[in-house]
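The values are calculated or read from the model by the stated rules, or taken from the named source; none is laboratory data. These numbers were taken from a predicted model, which means no experiment stands behind them. Here the Cβ is made from the backbone with ideal geometry for all residues, glycine too, and neighbour counts use every protein chain on show. These accessible areas exclude ligands, DNA and RNA; they are computed on the full protein's heavy atoms, side chains included. Shrake-Rupley method; radii C 1.70, N 1.55, O 1.52, S 1.80 Å.
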Amino acid sequence: MMAGAAMPRFRLVELTAGDPVAEFVKDVTSGLTAEPKHLSCRYFYDSEGSRLFAAICELPEYYLTRAETEILERHARDIASLFQGDVTVIELGSGNAVKTRLLLEALLSPHPTLSPQGRGLGEGGRRVRYVPIDICRPVMEESAADLLQRFPLLEIVAVAAEYHEGLRHLRSECDRPRLILWLGSSIGNFTRAEATTFLRRIQGTMTPLDRMLVGVDLRKDRAALEAAYDDAAGVTAAFNLNLLTRINHELNGNFDLSAFQHRAIYNQDLGRIEMYLVSTRVQSVTIGRIGLTVRFAAGETIHTENSYKYTPAEIHAVAAAAGLQDQCFWQDAAGRYNLHLLTTRTDSVKT
Ligand code: AVI
C-alpha cells in the first residue's frame, strides 16, 4: 500500500527500549504504593486513550487545538518560506497529525523563491520528508497512509518510539535542514525543569539552519482552564478513567470504575492543571498480574496528570535555559495560546 518499488515513500522504524509490559508493571506498582498515589500520564495513550484524546481535541471547552490550528492556518506559509530547499519535518508525539497537514501543504506548495532546478520535485520545488515520532503505532500508520495519499511526493519515515528514544533518531535525520514540531501543548505535560532538559537535548542536535516550533498554552483564568479539563460531555473523565480500564485489561486488575471520579483543578501557584482520579468510597483493588492489593480511603486520590501553563516570560526563560531563542512567535486572536519558532542561540554551547 505505502511502498513504491525503487524508492519507498514509507518506512517504519521501531525503537523500543526494554519491555513495555515490565515497565508498565513497575510504574503501576510504584505509583499505587506511593503516598500520595500517582500514575504516569504516558499510559493514557493505548488505542482507546488515543481515540478519546482525539475526541477531546474537538470539544468546545478544549480550546487548545483550535487555537493552535488557527495560528497554523494563518502562518504556515510564513514558516514554510523560511526554508529555501529540501526539508525534513520531525514531529514529536504526532498523534493523528491533523495540524501538521497545514505545514506540509505549505512546504509542498509553490512559493516565490522556487528555483528552476526545483521543478520535477515537490510542487514547491523541494523534497519534504516527514518523520512522525509517536508511541501509538496504529494511529501513526493510519495518519501516514492518509498523508501519503494527499501528498504524492511526500516521503515518510515513521518512528514508533517514546520521546526519549525518538531523540536518538533525531541525530540520524541530519542530511537537510529540519523543522522540529512539538505541538499541542505537549510541553505542558513536563515540569518546567524537565521541559528545559528535554529542549536542551533537542538543541544539542540542532544546526543553525534547523528550527523548532513549540505550541504553548498560556496561563489564564481558572474557569476557562478547569472547563477545558473537565468538559460537560465527560470525555476527559472517560480519558482519565481509561487508565484504570487499561490496568484491568492488561494487568488483570479489578478496579470498579463507578467508584472513581475524575477531578481537574488549576493550581495557580504552580501554573498547572492537575488531574486526579478520586476514590468515592473505602475500597480495595487487586491487580492480579502484580499480586498487589491497593487500599483506598474515601476521597483518596490518584494523581494522573499535570498540564503546565506558561506566561510568555516563562517560556522565554525555559527556551533560553535550553540554549534556544525565539525567531518569532504568534498568538491566536483570543490570546490563549502561543506558537514559538525557536532557533539555536548563536552563543550557546553544544552539549
Ligand atoms: C497531550 N496533552 C498536551 C494534553 C493536555 O492538554 O495536557 C492531554 C490532556 N489531558 C486532558 N486533556 C487533554
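Just name the residue that is most open to solvent (accessible area, probe 1.4 Å) out of those in segment 200-221 that are out of contact with any Leu (no Cβ under 6 Å at 6 or more places or on another chain) and assigned to a helix (DSSP H, G or I).
For segment 200-221, the residue satisfying everything is Arg200.
Outside any strand (DSSP E or B), within 26 Å of Ser186 (Cβ to Cβ) and either among the charged types (D, E, K, R) or in contact with an Asp or Glu (Cβ under 8 Å, 6 or more places away or on another chain) (or both), is that true of Asp269?
Yes, satisfied.
If you go through segment 89-107 one residue at a time, how many are within 16 Å of the ligand (Cβ to nearest atom) and in a helix (DSSP H, G or I)?
Count: 1.
Is at least one residue of segment 221-236 within 16 Å of the ligand (Cβ to nearest atom) and within 26 Å of Val21 (Cα to Cα)?
For segment 221-236, residues within 16 Å of the ligand (Cβ to nearest atom) and within 26 Å of Val21 (Cα to Cα): present.
Answer yes or no: is there a residue in segment 235-257 that is surrounded by 21 or more Cβ atoms within 10 Å (Cβ to Cβ) and within 30 Å of Leu342 (Cβ to Cβ).
Yes, some residue in segment 235-257 is surrounded by 21 or more Cβ atoms within 10 Å (Cβ to Cβ) and within 30 Å of Leu342 (Cβ to Cβ).
Could you pull out the residue among Leu52, Leu72 that is more than 20 Å from Asn306 (Cβ to Cβ), in contact (Cβ under 8 Å) with a residue 60 or more places away in the chain and within 21 Å of the chain's Cα centre (by Cα)?
Selected residue: Leu72, the only one of Leu52, Leu72 that is more than 20 Å from Asn306 (Cβ to Cβ), in contact (Cβ under 8 Å) with a residue 60 or more places away in the chain and within 21 Å of the chain's Cα centre (by Cα).
Being within 16 Å of the ligand (Cβ to nearest atom) and part of a helix (DSSP H, G or I) is the filter here; which residues of segment 170-195 pass it?
Ser186, Ile187, Gly188, Asn189, Arg192, Glu194, Ala195
It is to be established whether one or more residues within segment 197-204 are out of contact with any Ser or Thr (no Cβ under 6 Å at 6 or more places or on another chain), within 16 Å of the ligand (Cβ to nearest atom), aliphatic (A, V, I, L, M) and on the phi < 0 side of the Ramachandran plot.
Yes, because at least one residue in segment 197-204 is out of contact with any Ser or Thr (no Cβ under 6 Å at 6 or more places or on another chain), within 16 Å of the ligand (Cβ to nearest atom), aliphatic (A, V, I, L, M) and on the phi < 0 side of the Ramachandran plot.
Return the residues of segment 307-339 that are outside any loop (DSSP other than H, G, I, E, B) and in contact with a Gly (Cβ under 8 Å, 6 or more places away or on another chain); say none if nothing qualifies.
Within segment 307-339, Ser307, Tyr308, Tyr310, Glu314, Tyr337, Asn338, Leu339 qualify.
Given the conditions (1) within 16 Å of the ligand (Cβ to nearest atom); (2) under 14 Å from the mean Cα position of the chain (by Cα); (3) over 22 Å from Cys57 (Cβ atoms), which single one is not true for Leu167?
All conditions are met except number (1).
Mind checking which residues of segment 312-327 are in contact (Cβ under 8 Å) with a residue 40 or more places away in the chain, among the small types (Gly, Ala, Ser) and open to solvent by 10 Å² or more (accessible area, probe 1.4 Å)?
Ala321
Can you tell me which residue within segment 272-296, out of those that are among the aliphatic types (A, V, I, L, M) and farther than 16 Å from Gly31 by Cα, is least open to solvent (accessible area, probe 1.4 Å)?
Ranking the candidates gives Ile273 first.
Can you tell me how many residues in segment 263-284 are away from the ligand (no atom under 16 Å from the Cβ) and touching a residue at least 40 places away in the same chain (Cβ under 8 Å)?
1
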